[in-house]
1. Arrange the following residues from fewest to most other Cβ atoms within 10 Å of their Cβ: 118, 164, 196.
2. At a temperature of 20 °C and a viscosity of 1.002 mPa s, determine how fast region 117-224 diffuses translationally according to Stokes-Einstein, using the Kirkwood radius over alpha-carbon pairs as Rh; express D in µm²/s, rounded to the nearest whole number.
3. In which sequence would 168, 38 go, from the one with the fewest C-beta neighbours within 10 Å to the one with the most?
4. Please give the FRET efficiency for residue 35 paired with residue 64, using the beta carbon to beta carbon distance and R0 = 25 Å, rounded to the nearest 0.05.
5. Within a 10 angstrom radius of the beta carbon, how do 221, 133, 128 rank from fewest other beta carbons to most?
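None of the figures in this text is laboratory data; all of them are computed from the coordinates on show. Because the structure is a prediction, the values reported are computed rather than measured. Positions of Cβ are generated from backbone atoms using ideal geometry, with glycine treated the same way; all protein chains shown enter the neighbour counts.
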């Protein structure tokens, strides 16, 4: 018998595969080197070990598709050394690691706001957040409240899906779901204030009501789109 899906969103999926600290250092070195790439001796200097160890990490990155290699320019007799470059997949992995670090800071800040119970601070943070996200802030006149909030919430790993017919945004993942289950009033209250602050920053009429853990697999934001009354 298949159990019922739990109410509320899930955690975002991990951004990428796990690398050892040493291999991550080598990948970061490749990223820093850009088009120049690196040779084994440079990687060995970064790791502080034997060149054979550095070569093993570089070749491992190539095998995983995170780097590429090719013959270096000849310099004297003998076979040219190999030079290594980061691949597009390698850059994507590093960007994912940076996103995870940002989420860690975001979680800490959200927990601080929840513990402080400072609704006004959370509201003001929401205003700044809305203004700092180009995809949501620089909206065309054709975009409505649902469109703009969906674009904004997507930047915080909520994986939002908008239902234009019912004006509902379903948040299918949440980086704070574990904290919210333990302190729904505090964590979800912060998210309510952030959304209210964003609405205020954009000068949008209407309301956005966050309903935590309201559906299997999602929290919902219900949008009441109201047209602004013409000034007399």
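1. Lowest to highest Cβ neighbour count: 164, 118, 196.
2. Translational diffusion coefficient: 156 µm²/s.
3. The most exposed by this proxy come first: 168, 38.
4. Given R0 = 25 Å and the Cβ-Cβ separation, E is 0.75.
5. Going from sparsest to densest Cβ surroundings: 128, 133, 221.
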